[in-house]
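These notes are about the structure you will find just below.
The values are calculated or read from the model by the stated rules, or taken from the named source; none is laboratory data. None of these values were measured; they are calculated from a predicted model. Don't worry about glycine lacking a Cβ; one is built from the backbone with ideal geometry, like all the others, and counts go over all protein chains shown.
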Amino acid sequence: MFQTTENKMIRSGLVEPDALLMGSLDAHLEWNKPCDNIFELEMLFNRLNINALIFSQPAEPYRSIIDYLAEASNGTITPNDCETRTFIHDLPVAFELSPDAVVPLLKKRKCVIVPGHGIITYGTVGLEQAYVTFSSVCFACFVKFFVDFLFLTRKRQADQKLGQVFVRVVQALDPPVSFNGSLTKGPFKSKKHIYEAIQEAGRLVVEHRLVDSYFGNISFSDGQTLYISQTGSSLDQLKDAIDPCPLNGSSCVPITASSELPTHLKIVQHAGSRAILHGHPKFSVILSMDCDLENCGCRDKCHVKCPHERFVRGIPIVSGEVGSGPSALCNTVPKAIGEHQGVIVYGHGVFTAGNTDFNRPFKHLIQIENDCRAEYFNRLRLYSK
């Protein structure tokens with residue numbers, strides 16, 4: 001019960017071995033290990049409608065980032081990336097680890113950060129929910145920290161303490177993404193081969209940390225059907241989580257398909273691509289949110305509709321919301337992806353596409369992320385002069 005979640009969180013770089021405390025309530029409350037704070041945490045189960053809980057210090061660099069943001073906050077951290085806007089809204093901070101401090105915050109949000117102690121998240125149907133929220137908190141804080149540092153450096157407002165934390169965080173970063181192999185080559189001769197290729201690509205996207213928790217999606221079209229990952233699925237666990245969606249719209253199966261199905265369909269229809277990857281690589285998201293335009297009147301609406309044409313090393317940055325409305329991704333991404341290696345969506349992630357198999361989109365997903373990482377530090381050096 002506990003081992004699967006623990007392995008996933010360690011592989012994702014979210015926690016260190018032995019740092020993770022998990023509780024699960026079924027017939028009775030069980031913990032994965034003894035802990036000094038068990039009594040206080042057991043009270044959370046008594047006062048909240050939950051059946052699963054995760055409490056842990058995050059691994060570096062997340063620990064330094066989250067402690068800094070929490071200690072500098074007035075009780076709430078407010079990231080502006082798409083995941084936070086859509087799913088967790090903001091991140092409450094409790095300045096002591098006690099039920100009286102934590103419970104009121106958890107009644108309003110899915111998580112609470114306690115500086116110096118860690119992150120508490122919960123689930124109402126299982127540990128998976130708590131894991132997803134924990135991962136989202138780490139992602140959102142990582143993005144906010146790097147976006148804020150670049151902005152403050154440009155404005156000459158980064159103080160000494162922030163600079164010291166930044167140095168420590170950079171020293172703990174993963175190396176740039178590297179992949180020297182190849183994925184299964186197309187064309188695929190059967191539905192079975194398509195499913196296997198989607199699962200292979202999804203697993204590699206997760207293994208190379210190009211997506212967090214269950215976010216991101218993947219699809220392949222054989223000309224008649226678009227096979228796409230289901231909404232809420234983990235890209236490294238797609239064996240029974242791929243939906244066949246006829247391109248003529250004759251099936252209701254798309255009800256369970258990814259929420260970004262309309263975007264995938266339009267990429268296939270208008271760009272002629274067959275293999276599509278959508279990940280949330282961190283530095284691509286960070287750079288999508290960096291803008292040096294002074295006195296911009298649409299700063300609070302960049303994620304919906306930005307009137308300015310923007311690029312990072314030749315890759316277009318577009319705005320857009322999930323779904324199929326007038327400002328939706330399905331109306332911005334397909335137009336931009338045709339003549340480029342991919343598209344970065346403001347505060348959201350990257351779409352890449354290929355014509356035969358997933359080799360090209362996976363290669364370009366890695367290349368865009370590494371280019372954005374390099375460009376981030378180039379801009380930092382430029383703004384520091």
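Some notes on this structure:
- The set of residues from region 207-224 being closer than 18 Å to V143 by Cα and of a type outside the set (S, T, N, Q) comprises H208, R209, L210, V211, D212, Y214, F215, G216.
- Filter pass, F166 being more than 19 Å from I50 (Cα to Cα) and of a type outside the set (A, V, I, L, M): yes
- Of the residues making up region 158-169, just one is at pLDDT below 95 and surrounded by 16 or more Cβ atoms within 10 Å (Cβ to Cβ), namely A158.
- Failed condition for Q157, given (1) assigned to a loop (DSSP other than H, G, I, E, B); (2) closer than 26 Å to I267 by Cα: (2)
- Within region 175-193, tally of residues that are surrounded by 10 or more Cβ atoms within 10 Å (Cβ to Cβ) and within 24 Å of L382 (Cβ to Cβ): 2
- Output for region 64-91, where each listed residue is buried (at least 22 other Cβ atoms within 10 Å of the Cβ) and either without any contact (Cβ under 8 Å) to a residue 40 or more places away in the chain or more than 23 Å from A158 (Cα to Cα) (or both): C82, E83, T84
- Options A172, A101; residue that is of a type in the set (G, A, S), over 27 Å from L380 (Cα atoms) and modelled with pLDDT of 95 or more: A101
- Of the strands (runs of 3 or more DSSP E) contained entirely in region 252-338, those carrying at least 2 residues that are among the β-branched types (V, I, T) and at pLDDT 90 or above fall at 315-318.
- For beta carbons closer than 8 Å, sequence separation of 6+ or different chains, a first residue in region 113-124 that is assigned by TED's automatic domain parsing to the domain that holds Y68 and a second that is outside any loop (DSSP other than H, G, I, E, B) and among the acidic types (D, E), the qualifying pairs are P115/D67; P115/E71; G116/D67.
- Residue match in region 177-192 (condition: outside any helix (DSSP H, G or I), among the polar types (S, T, N, Q), modelled with pLDDT of 95 or more and over 30 Å from Q224 (Cα atoms)): yes
- A94 being free of Cβ contacts under 8 Å to residues at least 40 places away in the same chain and in the same structural domain as V167 (by TED's automatic domain parsing): yes
- When V125, V103 are checked against the criterion of being touching a helix residue (DSSP H, G or I) at 6+ places or on another chain (Cβ under 7 Å) and β-branched (V, I, T), a single residue qualifies: V103.
- Criterion applied to S251, S273 was being touching a residue at least 24 places away in the same chain (Cβ under 8 Å) and not basic (K, R), and the one residue passing it is S273.
- Flag for A197 being in the same structural domain as V322 (by TED's automatic domain parsing), over 23 Å from T5 (Cα atoms) and either touching a residue at least 12 places away in the same chain (Cβ under 8 Å) or touching a helix residue (DSSP H, G or I) at 6+ places or on another chain (Cβ under 8 Å) (or both): yes
- Residues in region 198-217 that are closer than 20 Å to C372 by Cβ and part of a helix (DSSP H, G or I): L204, V205, V206, E207.
- Residues being closer than 15 Å to L287 by Cα and surrounded by fewer than 24 Cβ atoms within 10 Å (Cβ to Cβ) - total across region 347-365: 1
- Single residue of region 310-344 satisfying the filter (free of Cβ contacts under 8 Å to residues at least 12 places away in the same chain and either outside the structural domain of A374 (by TED's automatic domain parsing) or more than 25 Å from A257 (Cβ to Cβ) (or both)) that is surrounded by the fewest Cβ atoms within 10 Å (Cβ to Cβ): E339
- Checking region 150-157 against the condition returns no match, with no residue being crowded, with 23+ Cβ neighbours inside 10 Å and among the aliphatic types (A, V, I, L, M).
- Residue within region 216-224 that is free of Cβ contacts under 8 Å to residues at least 60 places away in the same chain, assigned by TED's automatic domain parsing to the domain that holds V333, among the hydroxyl-bearing types (S, T, Y) and buried (at least 24 other Cβ atoms within 10 Å of the Cβ) present: yes
- Considering region 1-58, the qualifying strands (runs of 3 or more DSSP E), each wholly inside and each with 2 or more residues that are at pLDDT 95 or above and within 27 Å of V169 (Cβ to Cβ), run over 21-25, 52-56.
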